[in-house]
């Protein structure tokens with residue numbers, strides 16, 4: 001029985017290829033994008049296992065959505081891992097080459113000079129210092145740096161990532177970043193300009209979509225231990241869009257005796273979060289659409305909501321960008337959000 005991610009043969013092979021290149025000669029930046037629950041972390045974990053097996057340190061940092069998180073928080077985690085992996089001697093060598101930047105971030109003082117007593121560091125100097133530390137250690141053994149949930153990052157962390165990506169292409173440093181493109185591409189997302197600039201610095205961008213029906217059935221079987229009927233697979237795939245997390249949650253409910261159309265709490269919460277990112281008029285419109293049915297025509301919705309067709313089209317465009325509706329064979333038809 002296979003245990004790796006289902007339906008991800010091509011993106012997994014692509015990511016593993018980039019890992020092998022970093023181990024042998026050069027790295028760069030790989031971006032993994034997709035909605036919540038689509039399997040970004042699973043894909044990265046599977047691919048970087050090869051780096052670990054060959055003795056390459058994997059340095060991970062996760063962005064934290066909080067006003068209390070310090071600046072450069074994911075990079076602080078990466079530098080902590082780098083210091084441990086390098087050991088005292090090579091860490092001292094890295095600092096001698098890089099200057100005070102890494103220690104400033106580890107001290108929580110950013111570019112302000114802080115406990116080192118040195119002068120403040122501007123953005124360029126700080127980025128160069130941190131990148132130099134990575135490159136210096138990588139000359140002893142390759143490094144894989146994983147930064148998760150970049151849609152939650154602070155702006156300076158994204159600027160440092162872009163700088164490092166553009167200056168490590170010919171070094172044995174592979175940078176891997178994951179983010180929810182559904183959220184980052186919304187017009188009013190504060191990090192949209194920085195995140196949309198990253199692909200230009202990336203050698204590879206992998207966007208994950210939903211699983212095919214056959215893989216949906218295989219995942220249900222893996223979770224529940226028995227093969228579902230074709231009708232169950234079709235219903236689960238229709239309701240989840242092939243999202244692996246949604247499939248797993250739904251399969252557990254189904255295995256406990258709930259109907260295949262039941263909505264798992266985790267799925268409900270994920271959809272609610274996505275709805276919360278939209279303006280109130282969009283969520284109100286989607287609520288009306290859900291009452292109409294799984295498929296609807298914008299003209300009918302405009303009449304029900306007392307809005308012009310142009311207004312409805314504009315609001316539906318926002319819902320489509322958040323992947324809460326999809327356009328059917330008839331471009332005037334689309335299903336309401338999952339779970340409605």
In whole Å and largest first, what semi-axes does the C-alpha gyration tensor of the chain yield when each eigenvalue is scaled by 5 and square-rooted? 42, 25, 16
Pop a pseudo-label 7 angstrom from the Cα along the beta-carbon direction at both residue 223 and residue 321 and give the gap in nm to one decimal. 3.1 nm
Run through every distinct alpha carbon pair of region 9-207 and return the Kirkwood hydrodynamic radius in angstroms, one decimal place. 16.8 Å
Using Cα-only point scatterers and the Debye equation, what is log10 of I(q)/I(0) for region 212-261 at each q in 0.28 Å⁻¹, rounded to two decimals? -1.07
So for R0 = 30 Å, FRET eff. of residue 54-residue 169 from the Cβ-Cβ r, to 0.05, ends up at 0.90
Pairwise FRET efficiency - residue 20 versus residue 268, Cβ, R0 = 30 Å, nearest 0.05: 0.15
For the chain, find the longest principal axis of its Cα atoms and tell me its angle to the long axis of helix 155-167, 0 to 90°, nearest 10. 70 degrees
Most exposed first by the Cβ proxy, i.e. fewest other Cβ within 10 Å, how do 186, 175 rank? 186, 175
Assuming 0.36 nm per residue, please report the length gained on full extension of the stretch residue 122 to residue 212 beyond their Cα-Cα distance. 27.6 nm
Counting all Cα-Cα pairs in region 1-81, those more than 16 Å apart amount in percent to 61 percent
Based on the mean of other beta carbon atoms within 10 Å per residue, what is the order of 89-96, 311-318, most packed first? 311-318, 89-96
FRET efficiency (residue 292, residue 188; Cβ distance; R0 30 Å; to 0.05) is 0.65
Would you please put 220-231, 269-280 in order of how densely packed they are, using the mean number of other Cβ atoms within 10 angstrom per residue and starting with the highest? 269-280, 220-231
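Every number in this text was worked out from the coordinates using simple rules, so none of it is lab data. Quick caveat: nothing in here was measured; it's all calculated off a predicted structure. Here Cβ is always computed from backbone atoms with ideal geometry, including for glycine, and neighbour counts include all displayed protein chains.
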